[in-house]
Amino acid sequence: MIKVSHEVPLCLLDDNLEWSDYQYCLPHLIDEYPQYKEHFVNYARNGGFVIMDNGLFEGIEHTEQDLIQKINLIKPDIFIVPDAWSDSITTYRNAKYWKETLKHFLPKNTELMAVLQFNDYGEAVGSYTRLKDLGYTHIAFNHGSDGYLKMFPHKNKLVSQMMGRILLINKMVESGIIWETSYHHLLGCSLPEEFSYYKDYDFIKSLDTSHPIILSYEKLCYDERNSYIKSSTKIIDVMEEPYSEFSMWINANIDLFRKYIK
């Protein structure tokens, strides 16, 4: 079964140890919130599995020195190297630079993960192959690529993103492109129904999302209507909100989300 981690506000950090199979770290929050920093330092020191993000989705531009410092502080099991939206060339150059130049500045046990960025299926295949050739054994699929909209046009963009990622991965499997002995990660969630389509894909090891957390903040519970909407609110927008803002639906939404991946 795919391992899941939820990005959560400060008030839910302790609860998330029960809800999540591992912890997903947003590096810019380490400086902003001592509680967040302490949580991840202690979790990692006690043997917990950590994936550290690079800040692209949150719109944060870290310097490489800042990222290296934070990686050496937390010592994550996986660090997602900086990528660029729908830009396979810049993403490849970053992946190459971190693999060949910066890797020796990082903890020995930290694996580097590259993100697949592309605009169409052909570019996705080429990008995936080049990352493999660089020696990457950990590759992530983002949830919002423009390429998904081309693969599955739909009036609801969320449906295009969900079905586009499903079709991309399935087509790459059928074509023998996917390296099934490697570690693959799903970055984010457009619609939770997507994850029910990966039950036989053992090469997909993990995913991260704040989807059920944000839905709870909006005072909504998963049902046929709410499953096909997504708030523009991000987890960084609600980091300091109290537990009472999530409590009405939080446990139910976490449980219902889990049903999609079982």
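The values are calculated or read from the model by the stated rules, or taken from the named source; none is laboratory data. Since the structure is predicted, the reported quantities are computational estimates derived from the model, not experimental observations. No Cβ is skipped: glycine too gets one built from the backbone with ideal geometry, and neighbour counts run over all protein chains shown. For accessibility, only protein heavy atoms count, side chains too; no ligands or nucleic acids. Shrake-Rupley method; radii C 1.70, N 1.55, O 1.52, S 1.80 Å.
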Can you list which of the GluC sites (Glu not before Pro) found in the stretch 46-81 are DSSP loop residues with at most 11 other C-beta atoms within 10 Å?
-> E61
What is the Cα centroid distance between the stretch 87-134 and the stretch 156-232, reported in whole angstrom?
-> 21 Å
Residue-count net charge about Y121 - beta-carbon cut-off 9 Å; Lys, Arg +1, Asp, Glu -1 = 0
So, with +1 on the Cβ of K and R and -1 on the Cβ of D and E, and no other charges, what is the size of the charge dipole of the chain about its Cα centre, to the nearest 20 debye?
-> 700 debye
Rounded FRET efficiency, nearest 0.05, which uses the C-beta distance separating I89 from E18 and R0 of 35 Å = 0.25
May I ask you to give the percent of accessible area on the chain that is carbon plus sulfur, with a probe radius of 1.4 Å?
-> 49 percent
Note down the relative contact order for the stretch 113-219 as a percent, whole number, built from C-alpha pairs under 8 angstrom at least six residues apart.
-> 24 percent
Please identify the trypsin sites (Lys or Arg not before Pro) of the stretch 40-134 that satisfy two criteria: DSSP loop assignment and at most 10 other Cβ atoms within 10 Å. Which are they?
-> K108
Spin-label model distance (nm) - K3 vs K199, 7 Å beyond Cα toward Cβ | 2.3 nm
Proximal lysines to K70, defined as alpha-carbon separation beneath 27 angstrom and excluding residues fewer than eight positions away on the same chain = K3, K37, K96, K99, K103, K108, K132, K205, K234
In nm, to one decimal, how far is the modelled label at K262 from the one at N72, with both set 7 Å along Cα→Cβ?
-> 4.5 nm
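Please report the relative contact order for the chain, taking Cα pairs under 8 Å with a sequence separation of at least 6, and give it as a percent rounded to a whole number. Walk me through the intermediate numbers first.
On the way: 441 pairs, mean separation 51.2, N = 262.
Relative contact order comes out at 20 percent.
Rounded, prolate or oblate for the stretch 1-150? Axes are the square roots of the Cα gyration tensor eigenvalues, ordered a ≥ b ≥ c, and the cut-off for rounded is a/c under 1.5.
prolate
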Mean accessible area per residue over the stretch 166-217 (1.4 angstrom probe, all protein chains present, square angstrom) is 36 Å²
Grab the DSSP H runs of the chain that are 4 residues or longer, score each as -39,500 (n - 2.57), total them, divide by all residues and round the 222 nm result to the nearest 500 deg cm²/dmol.
-> -11000 deg cm²/dmol
Keeping every protein chain in place, order S210, S244 by accessible area at 1.4 Å, biggest value first, i.e. largest first.
-> S244, S210
Relative contact order for the stretch 160-262, counting Cα pairs under 8 Å that sit 6 or more residues apart, in percent | 30 percent
